[in-house]
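Throughout, read-outs are computed from the coordinates displayed, never taken from laboratory work. Quantities reported herein were computed from a predicted structural model and do not represent experimental measurements. Cβ coordinates were reconstructed from backbone atoms using ideal geometry, including for glycine residues, and neighbour counts include every protein chain displayed.
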Amino acid sequence: MNFLEKLFYQLERHYSHLNRITVIWYFAIWLEILLVGTTFWYTIHDHTYYKELADKQQTMTIRNPVSRGSIYSIETNGTPKWVFAVSTDLWDLAIWPKEIGSKTKLEDFLTDILFSEFCNEGGSRCLERVGKYIREDLIEREQMTVTEIREKLKTYLHDKINKPYIDFVLVAEHVTIEATREIQAWKEPSLSFILDNLYVDPTIVLNPDALAAKLSEKLGITLEAAQWKLEKRAPQYLKVLQKMSINTRDRINERIANEKLAIKKWELTPEESIYQFFILESHPTRFYPERTIGGQIMGFMDNNNIGRYGVEGYFDEELQWKNFVQKVKKDNSWRTIDSENLTEFETKNGIDIVLTIDRNIQKELSAKLAKSVKDHRANKGSIIVMNPKTGAIEAMVNYPDYDPNEFAWVYDMEKLSYARYANPGFDLLWVPLFVEDTKSGTLDTVIDGKNIQLRKATEFEINTRAIPKYKYKNLFGPGVYVNDIVGSLYEPGSVFKAITTAIGLDTGEINPTDVYYDKWYVEIDRFKIKNVASQCTGRHSYIHALNWSCNTGMIDIVQKIGKSLFHKYIHDFWFGSKSNITLEWEVFAKIDPYEKWSRTQFFTMSFWHGINVTQLQMAAAYAVLANGGIYMQPYIVDKITYPDGRVVETNPLPLRRVIKEETSKKITAMLVDWVRHGFAKAGWVPGYDVAGKTGTSQIASKGWYEIGAAGHTITSYGWFGPASNPRFVLIVRLERPRSAMYAETTTSALFWETAEYLLNYYKIPKNQ
């Protein structure tokens, strides 16, 4: 017996003198009174409450970044300050394909526009951007000619403009992971995901009614909205280019103006023109004119208008100036149903920042580093240039890099090519590789238009060619957001021997010409710490020990110093602490109290194995050697300008004396001798007295170190010059070069090119 039957039964018992029809009639009246009363209560008595609740559910606040403080390079060496980041109106280009005009001329003009936008930097960057645009991988075809690239663009444009139906429609944004996996399980070929956005190709939907019903239920949208998404429709409006450069916008405006004038003068007919096709749409945005040059320094502003990484992340609150705020009402299909006339500007701090970065150096070193990483088949590379007298960072370069204007591109993936990487276990060692796994895969992506789920590959899978593997196109995916110079740790190896020797000199325990006996190894509990160079064996001076990078010579020095004093000096050089540079994601490694050091650990620390540092920390330590023994606070912000006109400049800040000035002169002379006569003479730049030291360190893995071989080391160079009056400190690093094992045959060429460029750039006269 259901509820209504029970109700009627009770009513008949109490009103047995009435027939069933009369009871139903009374019940209907009672129910109507109840409904009217309830409606009255909700709509009249509690009207305000429920209206506010509905408005809150339907209304969203849109914040459009009208203005945010700009970021500039410093004015130096006759070069005006350069814009690294700015809030501006950038333009999107769309077309009306059904307008009257010459489509042949339109395709030619758009090909010119796109080629100019994508290929102004040339090389692989051109192929990467064109391939991204036409949805085709061109990276493998590095020998493509300009004509071939232009033909690819023109063919894509022709097909897009002349397609009878739109084949790429946005269904929903920000789909949850759970919903994404369920939709992918449908195996519907017309659906695809790009990040967390769902798209459909209406031209290949086989059963639109059934698919619309499923999408409506899963996404919480109305059936009508889902059906509308799946409808085949002719292209009335086509987006061609987003966030075009100002030069491109000006070219289009010039074409429009010239054609209008030519038509007015009867020199051109509408059928021969193309200006009527164009739609230029302006919108405020954050723009990075230098693109990949300094991306890790800048960081980026994400889709929620929040600064991430680098300067943008560190100064996010301070950079915000004015946000255009508008309240918009949406229906349950997320279509706009009302736009309230409530707009305002939220005023924030809005500072402008001038960095210490020299744009010319940054750009030149970016090209040199990219070439070196590719030539030596390394995983990564980094270069830092610092002024030792002030602590100012003049260049900070990483590769792989990324373009902050297109920060989401770092998630793009591709199938691993064995033609390019014949032995993935070696060629891509410690590069993240993935395999397809529909059950336990946690990474959702789209490759060649197919939605797939990936997980990290096991060592067995990496080394099995029969198993298809995938990788990020840029090798490290979102890992490239991190500025490795401040955000990643490594063991610097023999570059640190200059620091150990300086400590020995400063304590008075050694002098450069003092002699020690080297039997080529030191044995500890049946474990031998050996040298690399045979020249270390015998009775030698400490100059010789540094020249030939003798591990045993460094062990002899720290034995004389002792654990306690060595520990104190390490901290005085600012190891084990943050430098407090104004960049997001700076890291550091703590150094254990010396009481916990084993004898083996103490000895290996003398040549800096077993302790991690950042490249910035090494640059600051070498600046101490170059700057008469004073530790200068590293900084990258030259000055900040506030909206009210106040200007706050960064003054060089000496934090502490680490070693005596006399010690600084002694270690400098020893490093100059190393460059002229030591293990790696490649550090000598003819005509200059320069000081430097190479470093090759093994890589810790699984509780021990990987084998000492090509592809399993980090090679670096620490250098400053001119030695008599240092103008800059330079630290160069390559991670896992596969062309050779040691620094003198990997980073040496990159270092030499960089050092020579800097000496010429600053017009430093030769002194030898």
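Of interest is the spacing of the C-alpha centroids, which for segment 186-229 and segment 434-471 amounts to 25 Å.
One quarter of the convex hull surface built on the alpha carbon atoms of segment 390-429 amounts to 5.2 nm², the projected area averaged over directions.
May I ask for log10 I(q)/I(0) of the chain at q = 0.06, 0.07, 0.10 Å⁻¹, from a Debye sum over the Cα atoms as equal point scatterers with solvent left out? The calculated log intensity ratios at q = 0.06, 0.07, 0.10 Å⁻¹ are -0.51, -0.66, -1.12. Residue pairs exceeding 30 angstrom between C-alpha atoms, taken from Lys103/Lys243; Lys152/Lys415; Lys152/Lys374; Lys163/Lys469: Lys163/Lys469. What percent do you get for the relative contact order of the chain when only Cα pairs under 8 Å and 6+ apart count? Value for the chain: 13 percent. Placing unit charges on the Cβ atoms of the charged side chains and taking the dipole of the chain about its Cα centre, the candidate lying farthest along the positive direction among Val373, Val675, Ser70 is Val675. Tally Lys/Arg at +1 and Asp/Glu at -1 over every other residue whose Cβ is under 12 Å from the Cβ of Ile714; what's the total? Charge balance in the 12 Å sphere: -1. Pairs of Lys residues in segment 591-710 are counted when their Cα atoms are under 24 angstrom apart and they lie 8 or more places apart or on different chains; the count is 7. Note the angle between two axes, namely the Cα long axis of helix 146-162 and the longest principal axis of the Cα atoms of the chain, as a number of degrees from 0 to 90, rounded to the nearest 10. Here the helix axis deviates by roughly 10 degrees.
Which of Ile659, Val624, Tyr516 sits farthest toward the positive end of the charge dipole of segment 486-679, with +1 on the Cβ of Lys and Arg and -1 on the Cβ of Asp and Glu? Sorting the options by dipole projection puts first Tyr516. Selection among Ser541, Tyr490, Ser564 by position relative to the dipole of segment 421-570 gives Tyr490 as farthest towards the positive end (Cβ unit charges, Cα centre). Relative to the longest principal axis of the Cα atoms of the chain, the long axis of helix 47-58 makes an angle of roughly 50 degrees. Backbone amide hydrogens, once placed in the peptide plane, bring Leu138 within less than 5 Å of Gly131, excluding anything fewer than 5 places away on its chain.
Applying 0.36 nm per residue to the separation of Asp525 and Ser440 and subtracting their alpha-carbon distance, the gain on full extension is 26.0 nm.
With each run of n ≥ 4 DSSP H residues scored as -39500 (n - 2.57), what mean residue ellipticity at 222 nm is computed for the chain after dividing by its residue count and rounding to the nearest 500 deg cm²/dmol? Display every interim value, and only then the final one.
On the way: 25 runs with 269 residues, N = 768.
Helix-only estimate at 222 nm: -10500 deg cm²/dmol.
From the alpha carbon centroid of segment 473-515 to that of segment 732-768 is 16 Å. Net charge dipole, the chain: roughly 1660 debye, given to the nearest 20, about the Cα centre with Cβ charges of +1 for Lys and Arg and -1 for Asp and Glu. Working from the pairwise distances between different alpha carbons, so that the mean of 1/r is found and then inverted, what is segment 169-230's Kirkwood radius in Å? By the Kirkwood definition, the hydrodynamic radius is 11.4 Å. Under a 5 Å amide H cut-off, with hydrogens placed 1.01 Å from N, Ala172 pairs with Leu198 among residues at least 5 apart or on other chains. Rg/Rh for segment 408-548 stands at 1.23; both radii use Cα atoms, and Rh follows the Kirkwood definition. The amide H of Ile524, built 1.01 Å from its N in the peptide plane, has Ile529 as neighbours under 5 Å, considering only residues 5 or more places off or on other chains. So how tilted is helix 551-561 from the main axis of the chain? Cα-based, degrees 0 to 90, rounded to 10. The angle comes out at about 80 degrees. Remark on segment 486-679: ratio of C-alpha radius of gyration to 2.2 N^0.38 Å is 1.12.
Cα-based radius of gyration for segment 96-249, normalised by 2.2 N^0.38 Å, reads 1.22.
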